[in-house]
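Heads up: the structure comes next, in structure tokens.
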Amino acid sequence: MIFDESYSGKVFIMSRATEKEADCVIYGMPMDWTVSFRPGSRFGPNRIREASIGLEEYSPYLDRHLEEVSY
């Protein structure tokens, strides 16, 4: 059995393994520099990757599957 990191919450769902394989790069920068009252925005990029597990992989509007997009 091969472990697929795309469904682990560690990477954005169905993204390519390296930036050299991608046409576009999505980079989440964890930081709390601009918050003063409630820090925690540094956890945002990881939470977005975790939430991406529940996204649909096919868009009927675009008639495209996520595997067709290199990011």
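Read-outs: derived from the displayed coordinates by stated rules, not from any lab. The structure displayed is predicted, hence computed values, not measured ones. Reconstructed Cβ throughout: ideal geometry from the backbone, glycine too, with neighbour counts over all protein chains shown.
Does the stretch 40-54 hold any residues that are surrounded by 11 or more Cβ atoms within 10 Å (Cβ to Cβ) and either of a type in the set (Lys, Arg) or part of a loop (DSSP other than H, G, I, E, B) (or both), and which are they? Walk me through it before giving the result.
Going through the stretch 40-54, the residues surrounded by 11 or more Cβ atoms within 10 Å (Cβ to Cβ) turn out to be 41-53.
Across the stretch 40-54, the qualifying residues are 42, 47, 49.
Which pairs do you get when a residue that is free of Cβ contacts under 8 Å to residues at least 60 places away in the same chain and in a helix (DSSP H, G or I), found in the stretch 60-71, comes within reach of a residue that is surrounded by 12 or more Cβ atoms within 10 Å (Cβ to Cβ) and not basic (Lys, Arg), reach meaning Cβ atoms under 7 angstrom, with the pair 6+ apart or on two chains?
From the stretch 60-71, the pairs are 66/14; 67/14.
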